[in-house]
Amino acid sequence: MYKKYFERFLNANEGKLHFAAHSHHYWPDVTRDAQIKYWDDSAKYVDEKWGKFFSNEFAQLQSNIANVLNISKPQQITFAPNTHELAYRVLSALPHGAKILTTDSEFYSFDRQINRLSEEEIFEVTKIENTNDESFIENFIQEANTDKYDLIFISQVFFNSAFAIKDLVSFVKAINSKAEIVIDAYHAFMALPTDLSEIEDRIFYMAGGYKYCGSGEGSCFLISPQDTNLTPRNTGWFAQMGDLTNFSEDKVPFSNDGFRFAGSTMDFTAIYRMNAVLNLWKQENISVRDIHAHVEKNQTEFLSGILGTKLESKIVTTTSRGHFIAFKFSTSQECEDYAADLKANQVNVDYRRNILRFGFSIYQDSDDIIKLIKIIKNIG
């Protein structure tokens, strides 16, 4: 059904079953043309290309992302090569000694960064254990509402378990705190239907194209609240593009929109690729809801098919799930060995320590699920 959009990646990996879409998603064919278009535009416009990029591809991508997430202010979106850069820019706006509330299940780039800052006693960090159920959500909200934190950072879908915050709007609205709220949506964007219209001026929302958008690395974005007055210490010259605040000779000026959290000169190839993907789905009238329904169907078939196998008892149970399914092994070595058995059978998955992850996407169909189940049953 959807495989026709991914022919180049599928042909290049003929004979393989790629179930690592949560790690490195296949790219639709249109991204190749987009990459070439960036080169051609660079050759054509040379010194004048920046004006073209910002008024065309950049603005169009802001609009495309705004449409996907149903936000009314696309100008609040800025881009960077990775989410670490964006997260660190927000962190750099906090005062020394700031208190941060997060979880024990955030992705390594953020977790490592706050651990390092905590070592230097720059920030005081509290981590809530993620038990992958609604009691965790309740515990997190309860702690957030002690109102002693300057920043709250949490994933919409957790990288190590696939547990998803089922109702993001209700979750955010339940937090009555002065703290800034950052949602890491890397495993949710273009996977889970998400409407930010009611909370777009309350949260920072960051994601990227490397996972389920399928546009490859380098295209990450941050949506910032319209009325934020944070002034990052980590800042680049892009941050003073557009209308400015604090414009004086003795103060560093900042843009009044998403550029406030921008960095500096970057490769726009990824912007072109991401735009191409979102334009494709728009033209083909394929929504995130359609993508999600396709994946849920495949996941249901997969879970039914592995009953009675070694994997059945290792499923990480969650009350709601993103687009991958996690399996917890007793040891990292056991997990690694099982992944190796799959690879020997031309099945690509990935693992983090003792957690094996099967990632699902729209370039898989029922035939792929049947083949995968057969291989798993043969492994035992």
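Below is a table of values for the structure above.
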quantity	calculated
J(HN,Hα) series, region 203-214, from Karplus relation 6.51 cos²θ - 1.76 cosθ + 1.60, nearest Hz, glycine and proline x	10, 9, 10, 10, 7, x, x, 5, 8, 6, 6, x
Lys/Arg +1, Asp/Glu -1 at C-beta; the chain dipole; positive extreme among LEU101, ILE181, VAL46	VAL46
Largest-first principal axis extents of the Cα set of the chain (Å)	71, 55, 35
Computed E for SER72/GLN283 - FRET, C-beta separation, R0 25 angstrom, nearest 0.05	0.60
J(HN,Hα) series, region 148-159, from Karplus relation 6.51 cos²θ - 1.76 cosθ + 1.60, nearest Hz, glycine and proline x	10, 10, 9, 8, 10, 10, 8, 7, 7, 10, 8, 5
Pairs of lysines in region 179-310 (C-alpha under 28 Å apart; 8 or more residues apart or interchain)	5
Built amide H within the under 5 Å cut-off of ILE128, gap 5+	THR102, THR103, ASP104
Computed magnitude of the charge dipole of the chain (debye, nearest 20; Cβ of K, R +1, Cβ of D, E -1)	800
Unit charges on C-beta of K, R, D, E only; dipole of region 78-161, Debye	320
Kirkwood hydrodynamic radius of region 27-142, Cα pairs, Å	17.9
Selected from ALA179, ALA12, ALA144 as most flexible by GNM, with the chain as the system and alpha-carbon contacts under 10 Å	ALA12
Placed amide H near ILE203: partners under 5 Å, 5+ positions off or other chain	none
Alpha carbon centroid spacing (whole Å) that separates region 101-153 from region 1-30	35
Vicinal HN-Hα couplings computed from phi for region 305-318 (Karplus, 6.51 cos²θ - 1.76 cosθ + 1.60; Hz; Gly/Pro x)	x, 9, 4, x, 9, 4, 6, 3, 7, 9, 4, 6, 6, 9
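Coordinate-derived values only; no laboratory data. This is a predicted model, so every value here is computed, not measured. Reconstructed Cβ throughout: ideal geometry from the backbone, glycine too, with neighbour counts over all protein chains shown.
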